[in-house]
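Right, one structure below, let's go through it.
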């Protein structure tokens, strides 16, 4: 038995995923070819490979409780100077991503862990490259827009070659967002006092 490095994320679908991955490579980020374009729910985490079945069972439960939601990316942001990252902002869907990552990292679950930084959903487009290249990435994608219905997430494993590969997809429990219950009509006639 050994250990594996896993991550859980929402894939950015085509054609947006490939486009952002190509742009990331074009900015000079050597990790671009190894990392599918995504919004992280669980950052790289080392686990015993024997724990994978329990982790998958946990993710099935998280997905069953989830519902599809709209995702929209818009413009850029950066974590500099704290962390050398330029990203595309999650303009819609951030609350749902935050809820999901909490469920994935649930303290009673098999992948409970603390985060190095507070959770902030985003799509990395440049990491650990020169300041000038980071500035270029920030400017070049400042007008970027994309949207899609998010219907699930996936479990990934990082290979010995550094490449992240999808192990399994997890689809949310409902095919559509359930209708909201309408509020009961209020009786506006009040008794005379």
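Laboratory data are not the source of any read-out in this text; all were calculated from the coordinates shown. Because the structure is predicted, anything quoted here is derived from the model rather than measured. Neighbour counts run over all protein chains shown; Cβ positions are idealised from the backbone, glycine included.
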Checklist entry - Hey, what number do you get for the chain at 222 nm if only DSSP H runs of n ≥ 4 count, each worth -39500 (n - 2.57), divided across all residues, to the nearest 500? => result -7500 deg cm²/dmol
Checklist entry - If you take the square roots of the eigenvalues of the alpha-carbon gyration tensor of region 28-109 and sort them as a ≥ b ≥ c, do you get rounded (a/c under 1.5), prolate (a/b over b/c) or oblate? => result oblate
Item to check | Candidates 89, 165, 80: whichever shows maximal mean-square fluctuation once the chain is modelled as a Gaussian network with Cα springs under 10 Å | outcome: 80
Next on the checklist: Under 10 Å, Cα contacts only: if you run a Gaussian network model on the chain, which one of 142, 83, 18 comes out with the highest mean-square fluctuation?
Outcome noted: 83
Item to check | Relative contact order computed over the chain (Cα-Cα under 8 Å; 6+ residues apart), in percent | outcome: 30 percent
Next on the checklist: Could you list 107, 78, 151 so that the one with the fewest beta carbons within 10 Å of its beta carbon is first and the one with the most is last?
Outcome noted: 107, 78, 151
Checklist entry - Which whole-angstrom value gives the distance between the alpha carbon centres of region 48-122 and region 124-157? => result 15 Å
